[in-house]
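Single-structure report; data block below.
The values are calculated or read from the model by the stated rules, or taken from the named source; none is laboratory data. Model, not experiment: these values are computed from the prediction. Cβ placement follows ideal geometry from the backbone for every residue including glycine, while neighbour counts extend to all protein chains displayed. Heads up: the accessible areas ignore ligands, DNA and RNA and are worked out on the full protein's heavy atoms, side chains in. Shrake-Rupley method; radii C 1.70, N 1.55, O 1.52, S 1.80 Å.
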Amino acid sequence: MAKMDERLEKMVERYREINDLMMQSDVVSDRKTMAKLGREQNELTPIVETYEEYKKAVEELEEAKVLSKEEDKEIREMAQMELEELEPKIQNYLDRLELLLVPKDPNDSHNAILEIRGAAGGDEGNIFAGDLFRMYSKYAEAKGWRTEVIEMEDSEAGGFSLVSFKVNGEGAYGILKFESGSHRVQRVPKTESQGRIHTSTATVLCMPEVEAEDFDIDMNDLEIETMRSSGAGGQHINKTDSAVRIVHKPTGIVVKCQDGRSQHENRATALMTIRARVYEERQRELDQKNEKERRTKIGTGDRAEKIRTYNYPQNRVTDHRIGYTVNQLDRIMDGRLDDLMAALQLADQQAKIAGEKE
């Protein structure tokens, strides 16, 4: 407990330092610094508040212990009642602090970039990719987040062979990051005349939006070209070379963006996306080198990893990583994901705590 107290006191000190910094005129006028400090402040606030409540309860416990030794019987009885109330309360604070002190991904507070691809199952995989896109869009809307399409490749049968989009919202990545992997659907496709159930998949990759100052990408490693936009999108489409395609030569990662209204807008969006993709690739390589870190996560984030099954005939959704099953597929596909996301976050916290104790 001494080490925990020492760590918590340093956090309280940092929290107060941040509050002082955010009142300084030179910091207030620096938007990026204010945003960075604001994110750190938001992360520290629940820890500091819980720790202050814990310390207050410990003080009350010590006072009650002294009173429990008084000669007056009535005072002793009242003190004993207080002790019985405070001891489980303090343990509850300790349990909460243990969870709050679990190391957090520094990107959890960032916006998220999601990329969904139709995989196994041909047309049905693409149609399911479209269903997942609508599911996440509805979830984002319900949380007051904003979505922006980055790239979209329509499928003739419906849905998308590829759709990538940005989710703007505080903590979006921290919640959606567990969605990376292979999503399997079991249902009767619209094109199936015999009524047979088919199994198809779509893959999801969730990445944090990474600021340029947090992850530097060498512009010499990029091949940038412009081209005519194609497909539906408004009067500006096909009239100018507004689409932008960027290749990161060392990794071969390719990003194309054409949905913005200008080449400048598409270039900025494509650079943001390529930075996120390269950052994700670097993190994946680091995770592979650190096997212990991988064991403390509920999933590897590998798109080949089957993470969830959506069974339409039985109206059932199963997340295979945490053994979570619910017979409410219709609600899930309507974007009502709060319970599922909460279960994933809790499982991840528990896995990290267990990993730290090894």
- Message: Of everything in segment 39-62, what is surrounded by 14 or more Cβ atoms within 10 Å (Cβ to Cβ) and over 15 Å from K89 (Cα atoms)? Give them in sequence order.
- Response: R39, E40, Q41, E43, L44, I47, V48
- Report the residue count in segment 250-279 for those that are more than 13 Å from T226 (Cβ to Cβ), touching a Ser or Thr at 6+ places or on another chain (Cβ under 9 Å) and open to solvent by 30 Å² or more (accessible area, probe 1.4 Å). 3
- Task: Could you run through segment 168-192 and say how many residues are part of a strand (DSSP E or B) and open to solvent by 10 Å² or more (accessible area, probe 1.4 Å)?
- Result: 5
- Which condition does D72 not pass, out of (1) without any contact (Cβ under 8 Å) to a residue 24 or more places away in the chain; (2) surrounded by 13 or more Cβ atoms within 10 Å (Cβ to Cβ); (3) more than 15 Å from K89 (Cβ to Cβ), if it passes all the others? (2)
- Could you tell me which residue of segment 2-38 is surrounded by the fewest Cβ atoms within 10 Å (Cβ to Cβ), considering only residues that are of a type in the set (A, V, I, L, M) and touching a residue at least 60 places away in the same chain (Cβ under 8 Å)? M4
- Message: Can you tell me which of (1) closer than 27 Å to H320 by Cβ; (2) open to solvent by less than 20 Å² (accessible area, probe 1.4 Å); (3) touching a helix residue (DSSP H, G or I) at 6+ places or on another chain (Cβ under 7 Å) is the one I150 doesn't meet?
- Response: (1)
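Against the definition (modelled with pLDDT of 75 or more, open to solvent by 40 Å² or more (accessible area, probe 1.4 Å) and either over 27 Å from D154 (Cβ atoms) or of a type in the set (A, V, I, L, M) (or both)), how does I217 come out, yes or no? Walk me through it before giving the result.
Details: modelled with pLDDT of 75 or more: yes; open to solvent by 40 Å² or more (accessible area, probe 1.4 Å): no; either over 27 Å from D154 (Cβ atoms) or of a type in the set (A, V, I, L, M) (or both): yes.
No: the conditions fail for I217.
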- Item | Residue in segment 146-195 that is farthest from P313 (Cα to Cα), counting only those that are of a type in the set (V, I, T) and touching a residue at least 24 places away in the same chain (Cβ under 8 Å) | I150
